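Participant: Structure incoming, see below.
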Amino acid sequence: MPTKRKTPRQLPVSFYMGDKDKRPERLAKLDAIATQFGVNRSVLIQKIADGELVVVRPVDAPSQGG
């Protein structure tokens with residue numbers, strides 16, 4: 001008889017990383033950044049969300065969506 005979990009399992013979150021041509025390039029860049037901080041991609045995103053890491057847009061980059 002299977003036992004019930006004491007805490008419910010959290011659902012994963014998905015991010016759209018673009019079409020099939022851009023996705024591998026974007027994932028590789030995220031992995032490279034994560035490696036610089038000694039974490040994996042998931043922990044990198046968690047640290048950004050928690051404010052432990054800050055993302056800064058380059059001065060010459062155009063603003064998108066805002």
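Participant: Name the pairs: first residue in segment 23-38 and without any contact (Cβ under 8 Å) to a residue 12 or more places away in the chain and under 12 Å from Leu53 (Cβ atoms), second residue open to solvent by 60 Å² or more (accessible area, probe 1.4 Å) and not in a helix (DSSP H, G or I), Cβ to Cβ under 8 Å, at least 6 apart or on different chains?
Facilitator: Every condition considered, the pairs that remain are Ala34/Asn40.
Participant: Would you mention how many residues in segment 1-54 are surrounded by 11 or more Cβ atoms within 10 Å (Cβ to Cβ) and on the phi > 0 side of the Ramachandran plot?
Facilitator: Summing the residues that are surrounded by 11 or more Cβ atoms within 10 Å (Cβ to Cβ) and on the phi > 0 side of the Ramachandran plot in segment 1-54 gives 1.
Participant: All but one of (1) in contact with a Phe, Trp or Tyr (Cβ under 9 Å, 6 or more places away or on another chain); (2) of a type in the set (Lys, Arg); (3) open to solvent by 100 Å² or more (accessible area, probe 1.4 Å) hold for Arg57; state the number of the condition that does not hold.
Facilitator: Unmet for Arg57, out of (1) in contact with a Phe, Trp or Tyr (Cβ under 9 Å, 6 or more places away or on another chain); (2) of a type in the set (Lys, Arg); (3) open to solvent by 100 Å² or more (accessible area, probe 1.4 Å): (1).
The values are calculated or read from the model by the stated rules, or taken from the named source; none is laboratory data. Note that the coordinates shown come from a computational prediction; the quantities given were computed from them, not determined experimentally. A quick note on method: Cβ atoms are made from the backbone with ideal geometry, for glycine too, and the neighbour counts reach across all protein chains shown. The protein model used for the area step is the full one, side chains on, heavy atoms only, and it has no ligands, DNA or RNA in it. Shrake-Rupley method; radii C 1.70, N 1.55, O 1.52, S 1.80 Å.
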